[in-house]
1. By count of other Cβ within 10 Å, fewest leading, how are 23, 202 ordered?
2. Sketch the reach of a paramagnetic label on residue 91 as a point 7 Å from Cα along Cα-to-Cβ, and name the residues of the stretch 1-24 whose backbone nitrogen lies under 11 Å away.
3. Give me the number: length gained by fully extending residue 20 to residue 191, i.e. 0.36 nm times residue separation minus the C-alpha to C-alpha distance, one decimal in nm.
4. Can you tell me how much longer the chain between residue 34 and residue 137 gets when fully stretched, taken as 0.36 nm per residue apart minus their C-alpha distance, in nm with one decimal?
5. When the chain is fully extended, how far beyond the present Cα-Cα distance does residue 101 get from residue 234, taking 0.36 nm per residue of separation?
6. The stretch 115-173 to the stretch 179-239: how many Å between their Cα centroids?
7. Sorted from fewest to most neighbouring beta carbons within 10 Å, what does the list 234, 253, 29 look like?
8. What does the helix-only formula give at 222 nm for the chain: each DSSP H stretch with n ≥ 4 adding -39500 (n - 2.57), the total divided by the residues, and the result rounded to the nearest 500 deg cm²/dmol?
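A short reminder: the numbers here are calculations on the coordinates, not readings from a lab. A quick note: this is a predicted structure, and the numbers were derived from the prediction, not measured. Note: ideal-geometry Cβ built from the backbone for every residue, glycine included; neighbour counts use all protein chains shown.
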Ligand SMILES: [Zn+2]
Ligand SMILES: [Zn+2]
């Protein structure tokens, strides 16, 4: 029965993807990804933050491929199918132990905008926590190194991450989100807003937000998340769409203008540069012991303090 479900999910997704490509419409993920990527890239070309950075920056094509792999192909190759099976198996286990319904809070009677806003904020908070785990748990950090192997920042770096991150995020967000009885099936808007903010956070543009920087993540803040040298070993600025969590929980760190800081992690120069090597990283060959990132040798401002 699980096998039928696997096969059916796989077919459904392939069919969905084909239909998406053939029929452009406003709810179409493929064209939104293309459109948003082009728009942010144009912004980088017209108003670059680092004017000396090549227009076709280092790893531009690698990250371009990641964009499509992580957004579509990964799901096509099987994640959508496998997670469908996992969700059914999970529900069967719950039923076995007598739990019929995971929903703890019903919000499906709320107006649509309130449901979408709740989902956006809650999902982002879960992701902030998962992102911190990726930095703290050694075997998870090996996967997350792929994202931190970027040495020159540009919008497409947003989507450079190990396929296991998809698995970790989807698995850990499943139960908390399932506990809320959303009345909506389609979270399209939430995904598109998160995609836009993520692209901008990695873009080679300066985006002064004024006081809104305490709520929304931005390129000037996220570049410090990618800094090679940080005052404490597990990193800072874990926010995905919102910077709010970092300010609330004192993990925000923007000591100065980070336009030209060195990016990566200790020994990131030796990290595999080819896509297939990166996709296998952390799985095979087995990872060596983790060494902590270098400490900032200069006088470091206290954590959480913002100078600019
Ligand atoms: Zn990170
Ligand atoms: Zn990033």
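1. By the 10 Å Cβ count, ascending: 23, 202.
2. none
3. Stretched fully, the residue 20-residue 191 segment lengthens by 59.9 nm.
4. 33.7 nm
5. Full extension of this stretch gives 44.1 nm more.
6. Taking the Cα centre of the stretch 179-239 as reference, the centre of the stretch 115-173 is 11 Å away.
7. Least crowded to most crowded, the residues run 234, 29, 253.
8. Result for the chain: -15500 deg cm²/dmol, rounded to the nearest 500.
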